[in-house]
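Colleague: Dropping a structure here in C-alpha cells format, bear with me for questions.
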Amino acid sequence: MSETTLSGYRVLVIVTSYGVEQDELVVPVEHLRERGATVVVASVSTDPVQTLVDDKDPGRVVQPDTTYEDAGSDFDLLLVPGGTINADALRLQSGAVDTVRTFASSGRPVAAICHGPWALVEAGVVEGRTVTSYPSLQTDLRNAGATWVDQSVSVDDSGPFTLVTSRTPDDLGDFLPAVEKALASSVDAPR
C-alpha cells in the first residue's frame, strides 16, 4: 500500500501532553501525511506533547494542532496511540473518551495501538469485537467483552465501525497498511 494516495482524507489523533510512545505517534502521523492525508493531533491543551521511548526515556516533543473540544468532527478516521502513561491518562479525559464514542457511533474507523485500546474500553466500544493490544491489556479488553488475539494487527470490520488494533511499535509495519486501507474505505471519505 506504499503507493496509496490519501489526499482529501482527514485523520484525528488523540493524545495527552505526556507519555505517548514516540513511534506510535510520530511514525503514523508522518506516514499518513507523506501519503497526502491531513493529520490533526489533538490533546487536552495546546501545550507541547512530550513523547517517551519505551515508557521511560524522553523522545521528541510534538506540538498538538488543537484540543479535543476544538477539533471538530470533520475526520475520516480516529487514531489512538499508546504509551502506558499517555493511555492511562487519556481514558480519564472525558473529551477524548467522547471522541472515541462519537467516531464509533458514526461508523467511522478507529485505530489504536499498544495501550491505546484502554480508551476504547473506557468508551464502551469493544464489546463483541476482536482486538489486539499490548499483552497487559488483554484482561481489560476481555472483561469489556472483546475477543483478544495475539497478532501484529487485528482488523475487525464486523461491527458498526472498522476497528484496527496493534500490539507495539514493532508492529507498525503491519498496522500502517491496515490503517491506510481502513481510511481509504471510510464511508464519509472522498473517493
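Computed from the coordinates by the stated procedures, all read-outs in this text should not be read as laboratory data. Keep in mind that what you see is a predicted model, and the values were worked out from it rather than measured. FYI the Cβ positions are ideal-geometry reconstructions off the backbone, even for glycines, and counts take in every protein chain you see.
Colleague: Along the Cα→Cβ direction, 7 angstrom out, place labels at D150 and K56. What is the inter-label distance in nm?
Modeller: Inter-label distance under the simple model: 2.3 nm.
Colleague: What is the extension gain from E127 to S73, computed as 0.36 nm multiplied by their sequence separation minus the C-alpha to C-alpha distance, in nm to one decimal?
Modeller: Full-extension gain reported as 17.1 nm.
Colleague: Ok, one more. State the Cα centre-to-centre distance between segment 147-170 and segment 22-80 in whole Å.
Modeller: If we compute the Cα centre of each part, the gap is 20 Å.
Colleague: Still on this structure: Once Lys and Arg get +1 and Asp and Glu get -1 on their Cβ, which of S105, T67, Q50 lies farthest toward the positive end of the dipole of the chain?
Modeller: Of S105, T67, Q50, it is S105.
Colleague: If you build a Gaussian network model of the chain, linking Cα atoms that sit under 10 Å apart, which residue out of P48, P28, P109 swings the most?
Modeller: P48
Colleague: Between Q63 and D170, what is the FRET efficiency for a Förster distance of 25 Å, r being their Cβ-Cβ separation, to the nearest 0.05?
Modeller: 0.40
Colleague: While we're here: Roughly speaking, what is the stretch gain from L92 to E34, that is 0.36 nm per residue apart minus the C-alpha to C-alpha distance, in nm to one decimal?
Modeller: 17.7 nm
Colleague: Oh, and also: Give a residue-ordered list of calculated ³J(HN,Hα) values for segment 128-136 (Karplus: 6.51 cos²θ - 1.76 cosθ + 1.60, θ = phi - 60°; whole Hz; x for Gly, Pro).
Modeller: x, 9, 9, 9, 10, 5, 4, x, 5
Colleague: Here's something else I'd like to know. If you build the convex hull over the alpha carbons only and average its shadow over all orientations, what do you get for the chain? Give it in nm² to one decimal.
Modeller: 9.0 nm²
Colleague: Quote to one decimal, in nm, the extra length available between S158 and S7 on full extension: 0.36 nm per residue of separation minus the C-alpha distance between them.
Modeller: Separation in residues times 0.36 nm, less the Cα-Cα distance, equals 51.7 nm.
Colleague: Separate question: Quick one: compute the contact order of the chain, relative version, from alpha carbon pairs under 8 angstrom and 6+ residues apart, as a percent.
Modeller: 21 percent
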